[in-house]
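Data first, discussion second: the structure below is written as structure tokens.
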Amino acid sequence: MKTLAQEMITRAARTPDDVAVVDESGSYTLGAVVTAADALAHTIAELDTAPPTVLVQADNTWRTVVSALAVGMRGGVVAVLSPHATESEFALAVADIAPDVVIGDADSLAQWGVDASTFPRSAAAFDTLEIRSGQASFGDIDRWQGGTAIAMTSGSTGRPKCVVQSEEAIRYACRSTIDAVGLEPGDAIGAFVPLSSVAAFCFGMYLPAFLGGRMVSIGRWSPVRALEAAAQQGIAWTMLVPTMALQLSVTDESEGRLKAMRAMTVGGGPMNERALGLAENVLGTTFLRVFGMSECLGHTTPALDDPPSIRLGRDGRPFPGTIVRSVDSFGEPLPAGEVGEAQVKGPSLFVGYAREGRPVPPALTPDGFLPTGDLVEVGTDGSIFVSGRQKQIIIRGGRNIDINEMESALAALDGVVQVCVVPVPDDMLGERAAALVVTGGREMTLDDITTRLADTDLAKFKWPEFVFTVEDLPQNRVGKLSRQDAVALAAELAGAAETNSARKM
């Protein structure tokens, strides 16, 4: 954050009255943001003059921007954490990051269990935020090996992981996105995904400041408020997960509401060309379907003038300087058109996972590629198609059912807006397949689904045995599909269903 802080100071001296942040509490000028950050930086320096590692309550307000800039002014490392994080999640973050300072409001600090035994020193920060720190002097900032920002991600292991990114990686990802979308200084950028995620920190908060534009945010996610903010502030671009983008399109009076928006980038979850096309047409903007991960920020995008079959049906092309390849089980690159394990290499690759106050470097291939755990097909035109995760299967009576294949077949059916397939336990067969579907309208039954699947090439043993129409798919704090919660919901619904609701095989 050091480079961005210096740039913001320079711009504030030149044009202090430019609006930098618009949140639900009001508008904040560049001068006001930098002045508040400078004051907070001085307060931190009174604790210790060394560069700090600071764990910041990341809500979608100007306070997060100010806190991050203040850490940058001190040459420190900023770690962001959701104000809704539990005490156990905070404890994991502290164990992994070993922060010198914690910044949050009284409610979040109490929820996290911050007390005088671990962070005895306290001071007023700004607005409603407080500073808490330990007795000892700040740790050596060089321990982060060039890392400048840390955020917690759920990953696929069940244990949250703290991803460490360098400022150079963040700036590369921002610049690549700015160039692809054609963003210009002064443009308003929507920051609707919680800023505690790695991608939102980069594209929702850092990008508008780096661009010299306005960060426009809302508090808790609301499709209605997001559409209002986009219209009122003239948002030029935003990045949303598919669930959020599709929710916008089925909101009352959403027809044509985003005509002024240059583009919306959509990624971070299962996507279907038909559903995205319908949502795009309703909202009146251009969707850009992308592929990225916390460990290698947003590393693909299509072009604005690509046809829908590419923009919506595939997952973009790698940023300049980034390589995405498909390999076989022996790690050998596959020719174009063949599906294999996805590996990526590029300037936005992360430093490592924070463990005991230091980054643990990722396990790369000998030639420097990161295995992503995804399955990908690289086309002859350089575009990629991610067909899902490697190990998403349901084992029913000893037969493997590919969740990715079933979800793709269901998502292609008329009337299905979103779908998530999960296993439900079964005493005899081990697991059965349950589909949670969002229709945006009428209820869809098991008979509806199986009747339509009969006209497809999907083998009968791969059909779902339970279908439940839900208003929304379960989401985590950043709006991504929460498969863990989806499994729990399906098990609950299956248990309550009548015994004859399961299709007999």
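The values are calculated or read from the model by the stated rules, or taken from the named source; none is laboratory data. Small disclaimer: the values here were computed from a predicted structure and weren't measured. Backbone-built Cβ (ideal geometry, glycine too); neighbour counts: all protein chains shown. Side chains included, ligands, DNA and RNA excluded: accessible areas come from the protein's heavy atoms. Shrake-Rupley method; radii C 1.70, N 1.55, O 1.52, S 1.80 Å.
What dipole magnitude, in Debye to the nearest 20, does the chain give about its Cα centre under +1 on Lys/Arg Cβ and -1 on Asp/Glu Cβ?
The dipole of the chain has a size of about 480 debye.
Put +1 on the Cβ of every Lys and Arg and -1 on every Asp and Glu Cβ in the chain; which of Gly268, Gly337, Ala496 then has its Cα farthest towards the positive end of the dipole?
Gly337
Output ³J(HN,Hα) for the range 250-257: one whole-Hz value per residue in order, computed from phi by the Karplus curve 6.51 cos²θ - 1.76 cosθ + 1.60 with θ = phi - 60°, and x for Gly and Pro.
Running phi through 6.51 cos²θ - 1.76 cosθ + 1.60 with θ = phi - 60° gives 9, 7, 3, 6, 8, 4, x, 5 Hz.
Which one of Phe90, Leu446, Phe466 has its Cα pushed farthest toward the positive end of the charge dipole of the chain, where Lys and Arg give +1 and Asp and Glu give -1 at the Cβ?
In the chain, that residue is Phe90.
Might you tell me the accessible area per residue for the range 116-216, computed with a 1.4 Å probe and given in Å²?
Working: 3530 Å² over 101 residues.
That works out to 35 Å² for each residue.
Let's test the formula: R0 of 22 Å, r as the Cβ-Cβ distance of Ala95 and Asp140. What FRET efficiency results, to the nearest 0.05?
With a Förster radius of 22 Å, E is 0.75.
Suppose only helical runs count, i.e. DSSP H with n ≥ 4. What mean residue ellipticity at 222 nm does that imply for the chain under -39500 (n - 2.57) per run, divided by all residues and rounded to the nearest 500 deg cm²/dmol?
-8500 deg cm²/dmol
Multiply the residue separation of Thr456 and Asp179 by 0.36 nm, subtract the distance between their alpha-carbon atoms, and state the gained length in nm to one decimal.
95.6 nm
Please check which bits of the range 159-177 a label hung off Gln6 would reach, taking the label as a point 7 Å along Cα-to-C-beta and the cut-off as backbone N under 20 Å.
165-175
Computing the accessible area with a 1.4 Å probe over protein heavy atoms, can you report the carbon and sulfur percentage for the range 313-418?
Of the solvent-accessible surface of the range 313-418, carbon and sulfur hold 55 percent.
Ignoring ligands, DNA and RNA, what accessible area per residue does the range 26-74 give at 1.4 Å, in Å²?
On the way: 1360 Å² over 49 residues.
Dividing the accessible area of the range 26-74 by its residue count gives 28 Å².
Can you flag which of Lys259/Lys345; Lys345/Lys460; Lys161/Lys462; Lys345/Lys462; Lys161/Lys345 are past 29 Å Cα-Cα?
Where the Cα-Cα span goes over 29 Å, the pairs concerned are Lys259/Lys345; Lys345/Lys460; Lys161/Lys462; Lys345/Lys462.
Roll a 1.4 Å probe over the protein chains and send me the accessible area per residue for the range 257-371 in Å².
Details: 4790 Å² over 115 residues.
Accessible area per residue: 42 Å².
Carbon-plus-sulfur fraction of the accessible area of the range 437-476, 1.4 Å probe, in percent? Display every interim value, and only then the final one.
Numbers: 900 of 2070 Å².
Exposed carbon and sulfur together represent 43 percent of the surface.
Working from the pairwise distances between different alpha carbons, so that the mean of 1/r is found and then inverted, what is the range 391-498's Kirkwood radius in Å?
Every distinct Cα pair counted, the radius reaches 14.0 Å.
Within the range 40-62, which residues have the backbone N less than 19 Å from the label spot 7 Å out from Glu228 along Cα→beta-carbon, could you tell me?
60-62
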